[in-house]
Amino acid sequence: AQSVSQHNHHVILSEAASLELGCNYSYGGTVNLFWYVQYPGQHLQLLLKYFSGDPLVKGIKGFEAEFIKSKFSFNLRKPSVQWSDTAEYFCAVNEADYKLSFGAGTTVTVRA
Amino acid sequence: NAGVTQTPKFQVLKTGQSMTLQCAQDMNHNSMYWYRQDPGMGLRLIYYSASEGTTDKGEVPNGYNVSRLNKREFSLRLESAAPSQTSVYFCASSRTGSNQPQHFGDGTRLSIL
């Protein structure tokens, strides 16, 4: 099974600040990569995904992520956060099967 | 726009009691999944069903059973609940294919005393 590491457990920042959340995975072959977001009291929602093509992927709500194969990384970024971005963010990876492995999650708190 | 529907939303059990969590999806997805979410551990796959009629173990299957009743429904059963199974349980579904995103239900918060 994949090992997925999210480096930051809790990030606190002010509105308009830039956000970058790290994600590294262990498998060196072909992978599918996802970022999900869980707003307080809600279910997980897909932010963006990568499985081939341009390694810079754009998702919803102004988020983007860059796949760097040589670093086994898929970091999430947003240039300017809003209070409504307060949520828990999960990186997830699978190989050629259905078993999606999740990172432990990063809680992002945006202060108004 | 129901998507993935889970019932119940909350449940408290005593140790040793049994319980079935229900999940239904209306997106005509072939694949369905059960996860548990624990603080600091992300989501861990309990069981999944790649298609109707098949089920497979995930990362943490011990203490659970599943039934893929039909294409829409995938239930999770705790035969003899233990305090270690206190968690938030999420059901998800997806189209066939490992690159397909999964769609999640709202979760069931289960406490076992």
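What follows draws every value from the coordinates through simple rules; no lab data is involved. Nothing here was measured: the structure is a model prediction, and the numbers come from that model. Because the Cβ atoms are built from the backbone with ideal geometry, glycine has one as well, and the counts that use them run over all protein chains shown.
Quick one: give the max-minus-min coordinate of the C-alpha atoms of chain A along each principal axis, largest first, in Å.
The principal-axis extents, from largest down, are 42, 27, 21 Å.
Rounded to a whole number of µm²/s, how large is the Stokes-Einstein D of segment A:66-112 at 10 °C and 1.306 mPa s, given Rh as the Kirkwood radius over C-alpha pairs?
125 µm²/s
Which whole-percent values make up P(r) of the protein assembly as shown when all C-alpha to C-alpha distances are grouped in 5 Å steps starting at zero?
Pairs per bin, as whole percents: 1, 7, 15, 19, 19, 16, 12, 7, 3, 1, 0.
Based on the Cβ-Cβ distance of B:Asn62 and A:Glu15, what FRET efficiency does E = 1/(1 + (r/R0)^6) give at R0 = 35 Å, to the nearest 0.05?
Given R0 = 35 Å and the Cβ-Cβ separation, E is 0.20.
Between segment A:39-68 and segment B:52-113, what is the separation of their alpha carbon centroids in Å?
Going from one Cα centre to the other spans 24 Å.
Please identify which residues in segment A:18-59 have an amide N closer than 20 Å to a label point set 7 Å out from the Cα of A:Ser80, following the Cα→Cβ vector.
Inside the label zone: A:18-21, A:58-59.
Mind listing which GluC sites (Glu not before Pro) in segment B:49-84 are in a DSSP loop and have 13 or fewer other Cβ atoms within 10 Å?
B:Glu79
What is the sum of charges, Lys and Arg at +1 and Asp and Glu at -1, for the other residues whose Cβ falls under 11 Å from the Cβ of A:Arg77?
-1
Cα-Cα over 27 Å: which of A:Lys49/B:Lys71; A:Lys69/B:Lys57; A:Lys71/B:Lys57; B:Lys9/B:Lys71; A:Lys61/B:Lys71; A:Lys58/B:Lys9?
A:Lys69/B:Lys57; A:Lys71/B:Lys57; A:Lys61/B:Lys71; A:Lys58/B:Lys9
What distance in nm lies between label points placed 7 Å from Cα along the C-beta direction at A:Gln2 and B:Thr20?
3.3 nm
Given a cut-off of 15 Å, what percent of all Cα-Cα pairs of segment B:62-113 lie beyond it?
58 percent
Compute the normalised compactness of segment B:1-91: alpha-carbon radius of gyration over 2.2 N^0.38 Å, N being the residue count.
1.04
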